[in-house]
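Single-structure report; data block below.
The values are calculated or read from the model by the stated rules, or taken from the named source; none is laboratory data. These figures come from a predicted structure and were not determined experimentally. When we count neighbours, we look across all protein chains shown, and the Cβ atoms used for this are built from the backbone with ideal geometry, even at glycine. We work out accessible area using only protein heavy atoms, side chains counted, and drop any ligands, DNA or RNA first. Shrake-Rupley method; radii C 1.70, N 1.55, O 1.52, S 1.80 Å.
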Amino acid sequence: MTQLLLHAPVYHAGHRRLLAAHPEVSQVLLLGDGFAERFPAMRKEIRGLPADVVARVLAAEHEVEVRVVQPADLPAALEDVVLAADESVTRELAADHPGVTWLFARTFLRWDRQWALEERPAGATAGTTTDPVHVALMQQAVAAGDRSSDWWRQVGALAARDGQVLGVGHNRHQPTEHAPYVDGDPRNEFSRGLRADLSTAIHAEASLVGRAAAGEFDTAGADLYVSAFPCPACAYLVAEARFARCFFRGSYSLLDAERILAAAGTELVWVDLGAGGVSAPS
């Protein structure tokens, strides 16, 4: 009997290809929801179905025995040789059971986790403001973020000159707002602050810079208000767009984003929204 250890929050063509390529599989061990305690990304899978539903589909489609296993069940359920999709979840579980011979199939079933650099607090070069004009504009940027359909994180941005709004934007999925519901969201596999570039959404700041490039308004010498500190990719755009100041609310900086902006001469200012805001950077 050949076993297949599988994490399958949904069933799709990738699973069909995997099982078609391995007709020797006679039993599928399907990871149950108990593994979400160890792998929190499982809870973030917005397309996810109950494991028993996926199990019934797999059994009917492929005429194999399918068993939903929980963490306590797994050690006794494993045979001597086990096939698994080559993913971070199954790789980690395999490391827990060195006495088993593991065979890994290279197949794409969902966006998977990769290691990346940790976040760090922003604020080494930033000033702080409670000026009512800046607070009001930041509140507009925060409100714009609330319109985002990005389940994982909502970010708003606003461009202004002399207190007058030039443009407002928020992060939104491309090519359509339905993208994460069709293919899943790669953000599921990352903690906040890690690999912000891996997303199906265009970032709010990038959207504003793109509209400026199309001639909607001029960013040189203007102010940018963003509800979260720019990621490195957006920091490059903000610097190249020659924004004079970047007002921010969220207080983490990924990789060298803060240095990028500071080196470009973009003044960084943390906006204190009062009791309802986040803590000031240290």
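Residues that are of a type in the set (Ser, Thr, Tyr) and within 28 Å of Pro186 (Cα to Cα) do occur in segment 82-102. Residues of segment 13-23 that are surrounded by fewer than 16 Cβ atoms within 10 Å (Cβ to Cβ) and touching a Leu at 6+ places or on another chain (Cβ under 8 Å): Gly14, His22. Close Cβ contacts (under 7 Å, 6 or more residues apart or on different chains) running from residues in segment 70-93 that are free of Cβ contacts under 8 Å to residues at least 12 places away in the same chain to residues that are aliphatic (A, V, I, L, M) and in a loop (DSSP other than H, G, I, E, B) are absent.
Could you list all residues from segment 245-265 that are among the charged types (D, E, K, R), part of a helix (DSSP H, G or I) and open to solvent by 30 Å² or more (accessible area, probe 1.4 Å)? Once the filter is applied, which keeps residues that are among the charged types (D, E, K, R), part of a helix (DSSP H, G or I) and open to solvent by 30 Å² or more (accessible area, probe 1.4 Å), segment 245-265 yields only Arg259. Whether any residue in segment 72-90 is touching a Ser or Thr at 6+ places or on another chain (Cβ under 6 Å), among the β-branched types (Val, Ile, Thr) and surrounded by fewer than 18 Cβ atoms within 10 Å (Cβ to Cβ) is what I want to check. Within segment 72-90 (the criterion being touching a Ser or Thr at 6+ places or on another chain (Cβ under 6 Å), among the β-branched types (Val, Ile, Thr) and surrounded by fewer than 18 Cβ atoms within 10 Å (Cβ to Cβ)), the answer is yes, since at least one residue qualifies.
Only residues that are acidic (Asp, Glu), in a loop (DSSP other than H, G, I, E, B) and surrounded by 14 or more Cβ atoms within 10 Å (Cβ to Cβ) were counted in segment 24-71, giving 1. For segment 159-244, the helices (runs of 4 or more DSSP H) that sit wholly inside it and include 3 or more residues that are closer than 30 Å to Ala13 by Cα are 179-183. Name the residues in segment 109-148 that are surrounded by fewer than 20 Cβ atoms within 10 Å (Cβ to Cβ), at pLDDT 70 or above and closer than 30 Å to Val182 by Cβ, would you? If the condition is that a residue be surrounded by fewer than 20 Cβ atoms within 10 Å (Cβ to Cβ), at pLDDT 70 or above and closer than 30 Å to Val182 by Cβ, then Ala143, Asp146, Arg147 are the ones that fit.
From the list Gly184, Gly156, Gly169, the lone residue that is in contact (Cβ under 8 Å) with a residue 60 or more places away in the chain and either surrounded by fewer than 19 Cβ atoms within 10 Å (Cβ to Cβ) or touching a strand residue (DSSP E or B) at 6+ places or on another chain (Cβ under 9 Å) (or both) is Gly156.
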